[in-house]
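Shown next, in structure tokens, is the structure this report addresses.
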């Protein structure tokens, strides 16, 4: 217990910050020593400053911690960031300059050439960018990022298909309200309604997917040549993004072959049994009306991506449904798994 | 008033039947004289037999009408059908044999070669099939049908694009619960949830669209060559289907050109000012988060189809969002407009 | 048309302001000439400044009006106020001082001794307070108010029972999200949930009810001696407050007698056929599962209060369910009916 | 493991049956050996016959069990019943006659003089009725029951107040849809709506509460003299009943005294550390907007009853809010705790 690695959380009072607190509370490798948030919250007890919205309450010792300002002084070396993009760029940069390792959920650095956009099952080799980052930025520390919540589910479902040659992808999403944070979506806009628009989301899916699936060549990422088109909507679901995907492939696998590829897909987190690794990263469901948020959102403690309804697509080649927990696999859990991989590689 | 055409309703106690009753109540051309439903309801007062689920109650004189069995004796010449597909084939056939004109919302005859699958703004010329129908079936009466509720919104949005050459279409739907009738979807399945599956729906969209947009040649319909791929979901929305559409075109119109095509689209219902015709069949909305059920479902009294978010699609050519009222434009209102066109053509 | 009375709206961009705009658009007596809102909105087109959340869009000529600051210069004599309580006190006072007649939905002046808390069916005689108000405040104008949205439904349902002697009242409310304005309740708090607390609401119900039902004596209101106890909750319903009421009476009427009292209840709005008067202010429903928001919220265009499930109460004497449209009967429509009564009394 | 007690489940495919299966799966004392349901399901694999609606799937070995008919042959001695009341009376009677111990969630025998209506924290002494039951019925087995789901939450919250003298109780409920089973409430009736009526529910609360809180005297239960008045509603919440309670007391305790009574309330399940006993049966929450389903339904694994908002009631004496998990504390978990108490008393 005494030799667990001390960690901090930037944006600890927000939706992702709360999930990070919960996920870190019982973590075998990490221990929370430092919580920071906006000036409005700084100087208050965490329990008082936080509009807690999760079922399990934060542990008493965390609730009693004093929220700090978002400045590096006194912060542990390893810091998770659940900051809003509006402030993440500047703050995370300051921390990296000051020698901290930032594991960020924000979009600010995701698409930068020298920043890993990491999904440990898919592209652990992208960590090699950190060397470039250090050379180029002269930071004493470093930044690694995880993808946007709807992008990560898509990337996970596409990764097993890469051997078949993924040429183009159409995706329509039905995204949960927790993805917009708190207070987030006004209830008048979404109770009994759907909103066919999420600002900036389609662009993120279309660009981040290519970087995640890209190849490391000569110390840079060559984006995967796949063309992605996204339509995103918000639906009155608490947690869990559902995605309707169609893909065009270069080869002609059979349905069984594809289902098999989903089911046997695995990566370093599984091989190394990282603490937050799902045993099975992609769970293919055979029932016709699955996956769905009600029944599947907590698959593998929210770290599993569920897939179902694989069938032929008359326009492209195949279509299927993908689902995942947006604040766990899509945010806090993703960041945590990234940090675990960093540790495993001796990079913390 | 006295010379209004007498009409009957098959399946009058169901969801579509109720909408038909309301829509016919104040109709300038038609007057309800006969209501029929399953044996369970037959012989009871309409108000007692019907689990009424609309805000406006049925008029007292309709509520007091006795529900009849689904047999032709005593029924008026013009009969609307909101029957379930399970029984519609046999019952509607019996009525047509007996000389009645059936305006049906059921799927039983929709894809038959000699039955018009009518959308008055799109294919009024398909009524020419009735001649073939009479010759082939030897029915004293006739059957015309309207499309499935999600298909009609898509077909309406595609019709203005036909001059640009519509080659292929991907559509993802977020469909309202009223589309499943009553009792329909159990609340345990849909409150706070989405279901990525509606039995038979994708097949209907993929096949019906081609017939609706098809050409009449030599007294038969040549299906439009467009390829359609659909993914359908159910969402916790009361009324209003939202559809995310991508299209590949043979030509390269500009965005303004397409928006203009949506806005000027019009047809015989508008030219002849049929009672249920929307003044503007397609309303294009410029706001980024539209159309959506909350704000747009009752556009043009539920008979308008709203479109928005037109933009380029990286995979096909263009994408946009379509919305329409599933039990009005998608069912009862569609049937009514069909009957109005029949009358206008002297076919009743 | 040319001699309609010009009116203004304070807080025109808010939820109540939007309902006022819609309700005034086709009003036979009034015409909107002036719209005002917070400094953030002032100087912008109404359509641009307003997060419009109603189905029917505002008329183009209203949408093009310039939003004014909340200062009296240039405002018409008769001004509706949908302002937040935070600013209503000061602003409405300034307008009254400057000679305007303020018909307010805010709580700021409701409980003041010299301000009518008006429900035209119940206490039109309370308008006599205006004389006291003028004497005491030396305002060139005046202020009248309507009750809190959940209070007005309760007061309407209690008014017919006054002849039986209403001694005490327990009420539990299930209130719609639109009652909290926009953005109002975060969706994370209410989708698939209920919140058993609305700040300040129970106190308003417990005090305002007594003033509304009170007697005018010697130019002041003697509150009704009834004791009221309220428990209020928020539920994921768009529009329509449902209230579970138990009453103790001084006399022992039969159930039929009470139902009859509900049904024959009427007042000056009905007698004088004011434009927004419901024909029947209280509609008693016999079905066991009524009233309910889905089916009853728009009763009498949202101005009718529905009541049902009257039965004996083992603890007090009788219990029943009350329902009404919170932003129409409970806010914008209430203000409008108040203004109509003022006009009818020659007080504008 | 080998000496766990074998148990069966009647009504295993229903909502309560599914919760029983899950709760029994890891039970330290019991092991499922037999599952029965209606003739429609009998003879099929449990996984095939059951419309499973819980997140965690049933264990594979349970899914593979064959569903039996509801007849005693081959059933273990201890049988849980989640049967519908429509059939429970006859079936449970047959099993008791045949020597089985039935732990029932159905209402059929609850109010019978010789049947314990058991809440282990409140009335474990009521098990003494079993002696009467055996004498009177001549059954080789026996039946014990747990209360209706909304009644049990109320009874739990009243039990700590009994020393203050509970004279009368008003309760308004906001009940979750899972309480109605599957398919249960049609979504058209409850999405974005509330229904102010649940058939038979108010009567159950008003009568069962008095029996639960009653005293055992001369081998029969003298009902508690409290008068209870209930108004029940259904709300679009998945799990968790919320209850607004007012009580009149014989004495005048302070608010702190009552809060203390809630917090220190405990009983035999806690003293004996029964496997399903919540450590703290009543959790009093100090935040103003609690308890609520979203945050509190899983308190103590669904076995804790949460209470909050204690304050004075102007009509009776005190009011407060109660919440509990309707299918766990209110059904499956209640039955399980009852069975554990039976075992502890050597009655199985």
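Just a few scattered comments:
- Length-normalised contact order of the stretch A:250-298 in % [C-alpha pairs under 8 Å, at least 6 apart]: 29 percent
- Inter-copy spacing of residue A:286 label points, which lie 7 Å from Cα along Cα→Cβ, given in nm from shortest upward: 5.4, 5.5, 5.5
- Convex hull of Cα atoms in the stretch D:68-190, direction-averaged projection (nm²): 9.7 nm²
- Alpha carbon convex hull of the stretch C:1-139, volume per residue in cubic angstrom: 122 Å³
- C-alpha long axis of helix B:255-264 to longest principal axis of chain B, angle in °: 20 degrees
- Per-residue ellipticity at 222 nm from helix content only, as computed over chain A with -39500 (n - 2.57) for each DSSP H run of at least four residues, stands at -7500 deg cm²/dmol.
- Between residue A:113 and residue A:4, the C-beta separation translates, for a Förster distance of 30 Å, into a calculated FRET efficiency of about 0.35.
- As a calculated quantity, the FRET efficiency between residue D:38 and residue A:26 at R0 = 45 Å, using C-beta atoms, amounts to about 0.55.
- Helix A:201-212 and the long axis of chain A differ in direction by around 90°, with both axes built from C-alpha atoms.
- Computed from label points 7 Å out along Cα-Cβ, the spacing between residue C:263 and residue C:87 is 4.8 nm.
- Residue closest to axis [chain A; rotation mapping onto B; Cβ; Å]: A:172, 2
- Its Cα gyration tensor gives chain A an equivalent ellipsoid. The semi-axes, each the square root of 5 times an eigenvalue, are 32, 23, 18 Å from largest down.
- Rg ratio (alpha-carbon, reference 2.2 N^0.38 Å) - the stretch D:151-191: 1.69
- Here the stretch C:253-292 was treated as a single set of alpha-carbon atoms; its pair distances binned every 10 Å from 0 give 28, 42, 26, 4 percent.
- Dimensionless Rg over Rh [the stretch B:176-274; C-alpha; Kirkwood]: 1.05
- Per residue, the average separation of C-alpha pairs within less than 8 Å and at least 6 apart gives the stretch C:149-325 a relative contact order of 27 percent.
- Chain B: most fluctuating residue of B:336, B:255, B:24 per GNM, C-alpha cutoff 10 Å: B:255
- Span per principal axis, largest first, for the Cα atoms of the stretch D:149-325 (Å): 47, 38, 30
- For the protein assembly as shown, fraction of C-alpha pairs farther apart than 56 Å, in %: 24 percent
- 18 Å tail of the calculated P(r), the stretch C:146-223, as % of Cα pairs: 50 percent
- With label points set 7 Å from Cα along Cα→Cβ, the inter-copy distances at residue B:250 are 3.2, 8.6, 9.1 nm, sorted shortest first.
- Cα-based helix-to-principal-axis angle, D:149-158 vs chain D, degrees rounded to 10: 40 degrees
- Other protein chain C-beta atoms within 10 Å of residue C-beta, averaged over B:316-324: 2.
- Across the identical copies, how the residue C:64 labels are spaced - nm, sorted shortest first, 7 Å along Cα→Cβ: 5.1, 6.6, 7.6
Laboratory data are not the source of any read-out in this text; all were calculated from the coordinates shown. Since the structure is predicted, the reported quantities are computational estimates derived from the model, not experimental observations. As a convention, Cβ positions derive from the backbone with ideal geometry for all residues, glycine included, and neighbour counts pool all protein chains shown.
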